[in-house]
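> Structure below; questions to follow.
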Amino acid sequence: MKYDKFFELAKAAGIEEAELYVETSYALSFSLFHGEVDNYSLENGSYYVARGIINGRFGAASCDVYNAQRAKYLVDEIVANAKIIENDDPAIIFKGSEKYKKVSTFNKELASVSIDEKMKALHALEKRIRELDPRIIEVPGVEYSESSNSTTLMNSHGLKLTHKTNYFYYVGQALAKKDEQVKSGYDLYLGNDFSKFDVEDLAKKVVENTVGQLGGEACESGKYKAVLDRDVVSALMRVFVGHADAEEVQKHSSLFIGKLGQKIASKKITIEDRPLDKSLFARGFDDEGVATYNKAIVKNGVLQTYLYNLTTASKEGVQSTGNGFKAGSKIGTSTTYLCLKPGKKSLEELFQEVGNGVYITSVSGLHAGLNPQSGNFSLQAEGFLIKDGKKDHPLDIITISGNLMQVFNDVLEVGNDIKVTTSATQAESVLVKSIGVGGK
């Protein structure tokens, strides 16, 4: 009821349609170095974004405190902003979808776990990473981070929608040394059920990821059959699917222009946006109030749809796909929970199919090393040699190169080793028939 004042003032100011987006958040984080807390942060905040339509043009304003004076400020800013807007994008405030599916991603039990207990687990994690292998020479840091968020969207059409979510993660880092070679590694646990977090399991993964890189050497440069680890696939897939953004298509900056209904990837590739799945990232509506739904973006290699918000959909005379999400006060387009459909083969079975090749476990420099217009890339990478169908020694100081579209066309198999990342992506390892490797 306290937000009625905003809508009353908006109407009085001649704003034909108005919308208020309210976000409240709680964030807790702390980290350790050598058993001592070296960072501690506890924040509670609110964020308000108001939009309104005057003479067919949008005005927008935002603030981080709400009261009667701020309500007037938001209205005044909307009016002033609408007068100077220069683009001809259609201005739409959504009246509401026919129905919404209720989703729950909030675990109230997480808040009942004491900070002391969360801190105790972090101390245990740092201790176990140090103890598990004598080659571990340093633990540069371990961290706990927790976030809780509530979003409410309301407008002058009477629409009111609310979504709550929370999650936490633990992350551990390590340095390992053998002879004169030093390698770093990390891993993390993400969830919102604290009872499922296992200190020992995460510590082992951190150590394995770190010491597993020791003893590496560069391979001969050339073209290799390759397995791309799920972390690599996740990173590449987000860039790949970014070309399905209808705004990028309309600006003629997408590699998917004119490719609806056409093959753009291997028939093994099915990529879906699944906001209604039971996951940490579930959402029943987007930031414009449009009901979300599970959808295939690429099915058996064929492009099924572009991703629309209300503005880009209106330009083409189609319906929004429920992918309108805020980037500041601007509505952009993004997926909610991006999923690569898993195959049936294990990682070890993918190695067997390769025979002799490479297993790429991480890449860096994706934003600088990948040309979004052409899809060509050259990236610093880490991984392992695959020899006689098994993972062999680690690779040191290599690069991989190729073309984004070609990589997804060259997928021969998708594994079943599902991993969910903090970027709201589910991916598995894939086998590709060829990738360029720069080594010796």
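The values are calculated or read from the model by the stated rules, or taken from the named source; none is laboratory data. Source: prediction; values computed, not measured. Here Cβ is always computed from backbone atoms with ideal geometry, including for glycine, and neighbour counts include all displayed protein chains.
> Need a quick list: strands (runs of 3 or more DSSP E) entirely within the stretch 130-216 having at least 2 residues that are of a type in the set (G, A, S).
Working: elements: 136-138, 142-155, 160-178, 181-191.
Ranges flagged: 142-155, 160-178, 181-191.
> Quick check on the stretch 61-69. Is at least one of its residues surrounded by 14 or more Cβ atoms within 10 Å (Cβ to Cβ), touching a residue at least 12 places away in the same chain (Cβ under 8 Å), farther than 30 Å from F168 by Cβ and over 32 Å from the mean Cα position of the chain (by Cα)? Break it down into steps so the answer makes sense when it comes.
Looking only at the stretch 61-69, we keep the residues that are surrounded by 14 or more Cβ atoms within 10 Å (Cβ to Cβ), and these are 61-63, 66.
Add one more test, that the residue is touching a residue at least 12 places away in the same chain (Cβ under 8 Å), and what stays is 61-63, 66.
Then keep just the ones that are farther than 30 Å from F168 by Cβ; that gives 61.
Narrowing further to those that are over 32 Å from the mean Cα position of the chain (by Cα): none.
No, every residue in the stretch 61-69 fails to be surrounded by 14 or more Cβ atoms within 10 Å (Cβ to Cβ), touching a residue at least 12 places away in the same chain (Cβ under 8 Å), farther than 30 Å from F168 by Cβ and over 32 Å from the mean Cα position of the chain (by Cα).
> Being assigned to a loop (DSSP other than H, G, I, E, B) and not hydroxyl-bearing (S, T, Y): is that true of D38 here? Full working, then the answer.
Values: assigned to a loop (DSSP other than H, G, I, E, B): no; not hydroxyl-bearing (S, T, Y): yes.
No: the conditions fail for D38.
> Tell me, yes or no, whether the stretch 376-386 has at least one residue that is over 21 Å from the mean Cα position of the chain (by Cα), at pLDDT 95 or above, surrounded by fewer than 16 Cβ atoms within 10 Å (Cβ to Cβ) and assigned to a loop (DSSP other than H, G, I, E, B).
No, the stretch 376-386 contains no residue that is over 21 Å from the mean Cα position of the chain (by Cα), at pLDDT 95 or above, surrounded by fewer than 16 Cβ atoms within 10 Å (Cβ to Cβ) and assigned to a loop (DSSP other than H, G, I, E, B).
> Could you tell me whether S320 is assigned by TED's automatic domain parsing to the domain that holds F256, buried (at least 16 other Cβ atoms within 10 Å of the Cβ) and either in contact with a helix residue (DSSP H, G or I) (Cβ under 8 Å, 6 or more places away or on another chain) or not aromatic (F, W, Y) (or both)?
Working: assigned by TED's automatic domain parsing to the domain that holds F256: yes; buried (at least 16 other Cβ atoms within 10 Å of the Cβ): yes; either in contact with a helix residue (DSSP H, G or I) (Cβ under 8 Å, 6 or more places away or on another chain) or not aromatic (F, W, Y) (or both): yes.
So S320 fits the description; yes.
> Here's another thing I want to ask about it. Quickly run through the stretch 74-95 and pick out the residues that are surrounded by fewer than 18 Cβ atoms within 10 Å (Cβ to Cβ) and part of a helix (DSSP H, G or I).
The answer is D76, E77, V79, A80, K83, I84.
> While we're looking at this one, here's another question. In contact (Cβ under 8 Å) with a residue 12 or more places away in the chain, within 21 Å of E146 (Cβ to Cβ), in a loop (DSSP other than H, G, I, E, B) and not hydroxyl-bearing (S, T, Y), is that true of N107? Quick ask: steps written out before the conclusion?
Numbers: in contact (Cβ under 8 Å) with a residue 12 or more places away in the chain: yes; within 21 Å of E146 (Cβ to Cβ): yes; in a loop (DSSP other than H, G, I, E, B): yes; not hydroxyl-bearing (S, T, Y): yes.
Yes; evaluated as a whole, the condition is true for this residue.
> Looking at the structure I just gave you, is K196 exposed (fewer than 15 other Cβ atoms within 10 Å of the Cβ), among the basic types (K, R) and at pLDDT 95 or above?
Yes, satisfied.
Yes or no, residue by residue, for (1) touching a Phe, Trp or Tyr at 6+ places or on another chain (Cβ under 6 Å); (2) at positive phi:
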{"site": "N376", "(1), (2)": "no, no"}
{"site": "F384", "(1), (2)": "yes, no"}
{"site": "G389", "(1), (2)": "yes, yes"}
{"site": "D396", "(1), (2)": "no, no"}
{"site": "T399", "(1), (2)": "no, no"}
{"site": "D410", "(1), (2)": "no, no"}
{"site": "E413", "(1), (2)": "no, no"}
{"site": "D417", "(1), (2)": "no, no"}
{"site": "A424", "(1), (2)": "yes, yes"}
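> Can you give me the number of residues within the stretch 13-50 that are farther than 25 Å from Y73 by Cα and in contact with a helix residue (DSSP H, G or I) (Cβ under 6 Å, 6 or more places away or on another chain)?
Qualifying residue count for the region: 1.
> I would also like to ask the following. Taking the stretch 223-277 on its own, how many of its residues are touching a residue at least 12 places away in the same chain (Cβ under 8 Å), in a loop (DSSP other than H, G, I, E, B) and charged (D, E, K, R)?
Number of matching residues: 6.
> Are any residues in the stretch 65-100 touching a Gly at 6+ places or on another chain (Cβ under 9 Å), modelled with pLDDT under 95 and not hydrophobic (A, V, I, L, M, F, W, C), and if so, which ones?
N81, K83, P90
> Return the total of residues in the stretch 350-380 being more than 20 Å from H243 (Cα to Cα) and in contact (Cβ under 8 Å) with a residue 40 or more places away in the chain.
Here the count works out to 13.
> In the stretch 363-385, which residues are within 13 Å of D229 (Cα to Cα) and touching a helix residue (DSSP H, G or I) at 6+ places or on another chain (Cβ under 6 Å)?
Matches in the stretch 363-385: V363 only.
> Quick one: would you say L28 is assigned to a strand (DSSP E or B) and loosely packed, with under 13 Cβ neighbours inside 10 Å?
It is false that L28 is assigned to a strand (DSSP E or B) and loosely packed, with under 13 Cβ neighbours inside 10 Å.
> When you look at S314, is it among the small types (G, A, S), closer than 23 Å to G222 by Cα, surrounded by fewer than 22 Cβ atoms within 10 Å (Cβ to Cβ) and not assigned by TED's automatic domain parsing to the domain that holds K183, yes or no?
For S314, the condition - among the small types (G, A, S), closer than 23 Å to G222 by Cα, surrounded by fewer than 22 Cβ atoms within 10 Å (Cβ to Cβ) and not assigned by TED's automatic domain parsing to the domain that holds K183 - is not met.
> Might you check whether a residue that is surrounded by fewer than 20 Cβ atoms within 10 Å (Cβ to Cβ), assigned by TED's automatic domain parsing to the domain that holds G52 and among the aromatic types (F, W, Y) occurs anywhere in the stretch 159-175?
Yes, that holds for at least one residue.
> How many residues are basic (K, R) and under 21 Å from V233 (Cα atoms) when one looks only at the stretch 311-361?
Of the residues in that region, 3 qualify.
> Would you confirm whether or not the stretch 126-140 contains a residue that is under 30 Å from A282 (Cα atoms) and either modelled with pLDDT of 95 or more or assigned by TED's automatic domain parsing to the domain that holds E8 (or both)?
no
> Now, a different point. Tell me, which strands (runs of 3 or more DSSP E) wholly within the stretch 292-357 include 2 or more residues that are at pLDDT 95 or above?
295-299, 324-327, 338-340
> Also, quick follow-up: For the structure I just gave you, tell me whether S429 is of a type in the set (S, T, Y) and closer than 19 Å to G355 by Cβ.
So S429 fits the description; yes.
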